[in-house]
Amino acid sequence: MNPYFSSAGAFLIEAVFGLYMVVVMLRLLLQLVRADFYNPLSQFLVKVTNPPLKPLRRIIPGIGGIDLASVVLLFALQMAKLALVALAGGMTLALPGLAVLSVAELIALLLNVYMISILIQIILSWVGPGTYNPVTALLYTLNEPVMRPARRILPPISGIDLSPILVFLAIGLMKILIVSPLLDVGRSLA
């Protein structure tokens, strides 16, 4: 097989699955933090993710405020993405390795979603401080459970909030101490 076609195929698989998984992850996270359901962005996420989630919810109930159907969908999408990318490269992955790699990739996705959303919130606070925007409201709701503990450790100094630095450090450490070892285990099992 032509390496250019396999690279292009892998790129398309990564892009399409990755974008949809970000949307499902955002829906799951916004449900967990009880974000405003009537926000236009929330409505968009619900409409885009409802087709696969409605049938799954009939089979998989939520537990303790966690939408397990979304978790199962994310896991299935991640496994499918990894398997398809491997097939595009002419490889196959063993199921245990595929499962561990999927968990590691989903944790990395979760950490990246928080890192990017906090970065966007920081930039929006510089560009239009004090202005209301539906995206800003959702970002604040999404990030506040992560930022609040960091603000307790490092409160604002002279009106400057340095707590995102602590969160970025914690995310970096989690990637090194949790995601990287899981990826290594998954590769050894694959």
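What is the helix-to-structure angle for 3-32, meaning the angle in degrees between its Cα long axis and the longest Cα principal axis of the chain, kept from 0 to 90 and rounded to the nearest 10? With both axes taken from Cα atoms, the answer is about 40 degrees. Label the chain by shape, choosing from rounded, prolate and oblate, from the square roots a ≥ b ≥ c of the eigenvalues of the Cα gyration tensor; if a/c is under 1.5 it is rounded, and otherwise prolate applies when a/b is larger than b/c, oblate when it is not. Prolate, since a/c reaches 1.5 and a/b exceeds b/c.
Solvent-accessible surface of protein heavy atoms, probed at 1.4 angstrom with all chains present, puts Ser158, Ser102, Ser6, Ser180 in the order Ser158, Ser180, Ser6, Ser102, largest first. Give the carbon-plus-sulfur fraction of the accessible surface of the chain in %, rounded to a whole number; probe 1.4 Å, heavy atoms of protein chains only. After summing per-atom areas, the C and S share lands at 75 percent.
Computed from the C-beta positions of Asn39 and Ser7, the FRET efficiency with R₀ = 35 Å rounds to 0.35. Its relative contact order, with pairs defined as Cα atoms under 8 Å and 6+ residues apart, puts the chain at 27 percent. Across Ile176, Ile157, Ile123, mean-square fluctuation computed from a Gaussian network of the chain (C-alpha pairs under 10 Å connected) peaks at Ile157. Across the options Ile153, Leu138, Gly62, the greatest Cα extent toward the positive end of the charge dipole of the chain (unit charges at beta carbon of Lys, Arg, Asp, Glu) belongs to Gly62.
The shape of segment 102-182 comes out oblate: with a ≥ b ≥ c from the C-alpha gyration tensor, a/c is at least 1.5 while a/b does not beat b/c.
Annotation: per residue accessible area for the chain equals 59 Å², rounded to a whole number [probe 1.4 Å, protein chains only]. Per-residue 3J(HN,Hα) values for segment 97-105, derived from phi via the Karplus relation 6.51 cos²θ - 1.76 cosθ + 1.60 with θ = phi - 60°, read x, 4, 5, 5, 4, 5, 4, 4, 5 Hz in sequence order (x marks Gly and Pro).
Applied to segment 135-152, the Karplus parametrisation 6.51 cos²θ - 1.76 cosθ + 1.60 on θ = phi - 60° returns per-residue 3J(HN,Hα) values of 5, 4, 4, 5, 4, 4, 5, 5, 7, 4, x, 8, 6, 4, x, 5, 5, 5 Hz, with x for Gly and Pro.
For segment 183-190, 3J(HN,Hα) computed residue by residue from phi via the Karplus equation (6.51, -1.76, 1.60; θ = phi - 60°) reads 4, 5, 4, x, 5, 5, 7, 6 Hz, glycine and proline entered as x. From the alpha carbon centroid of segment 1-73 to that of segment 138-156 is 24 Å. Relative to the longest principal axis of the chain, what angle (0 to 90°, nearest 10) does the C-alpha long axis of helix 40-59 take? Orientation of helix 40-59: about 40 degrees from the principal axis.
An oblate overall shape is assigned to segment 13-77, the ratio a/c of its alpha-carbon gyration tensor axes (a ≥ b ≥ c) being 1.5 or greater and a/b not exceeding b/c.
Give me the aspartates and glutamates in straight-line cross-link reach of Lys175: C-alpha distance below 16 Å, same-chain residues under 8 apart excluded. The qualifying aspartates and glutamates are Glu105, Asp184.
The values are calculated or read from the model by the stated rules, or taken from the named source; none is laboratory data. Every value quoted in this text rests on a predicted model; they were computed, and no experiment measured them. Counting neighbours? That spans all protein chains shown, and the Cβs are built from the backbone with ideal geometry, glycine included. Calculation scope for accessible area: heavy atoms of the full protein, side chains included, ligands and nucleic acids excluded. Shrake-Rupley method; radii C 1.70, N 1.55, O 1.52, S 1.80 Å.
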